[in-house]
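Trainee: My questions all concern the structure below.
The values are calculated or read from the model by the stated rules, or taken from the named source; none is laboratory data. For clarity, every value in this text was computed on a predicted model and none was experimentally measured. In this analysis, Cβ positions are derived from the backbone assuming ideal geometry, glycine residues included, and neighbour counts consider all displayed protein chains.
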Amino acid sequence: MLLADLLVEGRVKVPLAAGTKDEVFKELVELVAAKLAPGSEAPILAAVRDREREMTTGFGAGVAIPHGRTPVVDELAIAAGVTRDPIDYGAIDGEPVRLVFLLVGPETAAGEHVRTLARIARLVRREEVRGALLRAPSRAEFVRVIRQAEAA
């Protein structure tokens with residue numbers, strides 16, 4: 001499955017209004033929950049926060065990939081965005097974050113969850129992809145960059 005199949009324009013926000021790590025979580029969880037599981041923001045947010053307490057999801061190079069699994073969702077979904085300003089995230093490299101991908105899925109999809117995290121990580125390791133995503137002026141362009149990068 002391609003990331004572009006999981007990340008639809010309605011789940012991308014450029015720019016994010018959030019100025020803190022927790023505000024980013026809330027903003028992206030709202031995007032995921034809106035269609036995937038309306039009214040389930042609290043348990044999805046709790047799953048993401050619980051996972052973050054285990055170890056930072058600040059990937060490095062200005063990227064974070066917060067994620068969580070919860071029984072309130074039936075399928076994997078991704079939300080993403082770019083913050084206006086770099087935020088202190090506690091990333092593994094100590095650098096602030098601007099590019100964030102949120103992955104949520106059911107507890108029963110552990111294998112697919114891990115494979116999707118790996119796909120995101122491989123994609124954002126590419127400096128030219130990160131730069132294009134950071135410069136994307138719209139949701140449509142953000143998703144186009146993902147599709148183009150996956151096709152390359």
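Trainee: Of the residues that sit in the stretch 7-16 and are at pLDDT below 95 and either of a type in the set (D, E, K, R) or not in a helix (DSSP H, G or I) (or both), which one is farthest from Arg139 (Cα to Cα)?
Mentor: Leu7
Trainee: Restricting to the stretch 23-42, count the residues that are surrounded by fewer than 17 Cβ atoms within 10 Å (Cβ to Cβ) and in contact with a strand residue (DSSP E or B) (Cβ under 9 Å, 6 or more places away or on another chain).
Mentor: The number of residues fulfilling the criteria is 3.
Trainee: Would you mind stating whether Arg147 is within 23 Å of Glu41 (Cβ to Cβ), in contact with a helix residue (DSSP H, G or I) (Cβ under 8 Å, 6 or more places away or on another chain) and surrounded by fewer than 19 Cβ atoms within 10 Å (Cβ to Cβ)?
Mentor: no
Trainee: Right, next: I'd like to check something: does the stretch 97-107 contain any residue that is touching a Phe, Trp or Tyr at 6+ places or on another chain (Cβ under 7 Å), assigned to a helix (DSSP H, G or I) and buried (at least 17 other Cβ atoms within 10 Å of the Cβ)?
Mentor: no
Trainee: Looking for something loosely packed, with under 12 Cβ neighbours inside 10 Å, farther than 18 Å from Val8 by Cα and at pLDDT below 95 - is there at least one such residue anywhere in the stretch 83-96?
Mentor: Checked the stretch 83-96: no residue is loosely packed, with under 12 Cβ neighbours inside 10 Å, farther than 18 Å from Val8 by Cα and at pLDDT below 95.
Trainee: Which residues, taken from the stretch 50-75, are within 21 Å of Arg139 (Cβ to Cβ) and under 12 Å from the mean Cα position of the chain (by Cα)?
Mentor: Across the stretch 50-75, the qualifying residues are Val63, Ala64, Ile65, Pro66, His67.
Trainee: Please count how many residues of the stretch 17-45 are without any contact (Cβ under 8 Å) to a residue 40 or more places away in the chain and either more than 16 Å from Gly105 (Cβ to Cβ) or assigned to a helix (DSSP H, G or I) (or both).
Mentor: Number of matching residues: 13.
Trainee: Taking the residues in the stretch 46-77 that are touching a residue at least 40 places away in the same chain (Cβ under 8 Å) and in a strand (DSSP E or B) as candidates, determine which candidate is nearest to Ile92 (Cα to Cα).
Mentor: Phe59
Trainee: Follow-up question, since we're still on this one. Is it the case that some residue within the stretch 116-125 is assigned to a loop (DSSP other than H, G, I, E, B), buried (at least 21 other Cβ atoms within 10 Å of the Cβ) and touching a helix residue (DSSP H, G or I) at 6+ places or on another chain (Cβ under 9 Å)?
Mentor: No; the residues of the stretch 116-125 include none that is assigned to a loop (DSSP other than H, G, I, E, B), buried (at least 21 other Cβ atoms within 10 Å of the Cβ) and touching a helix residue (DSSP H, G or I) at 6+ places or on another chain (Cβ under 9 Å).
Trainee: Could you run through the stretch 92-126 and say how many residues are in contact (Cβ under 8 Å) with a residue 24 or more places away in the chain and out of contact with any Leu (no Cβ under 9 Å at 6 or more places or on another chain)?
Mentor: Residues meeting the conditions: 9.
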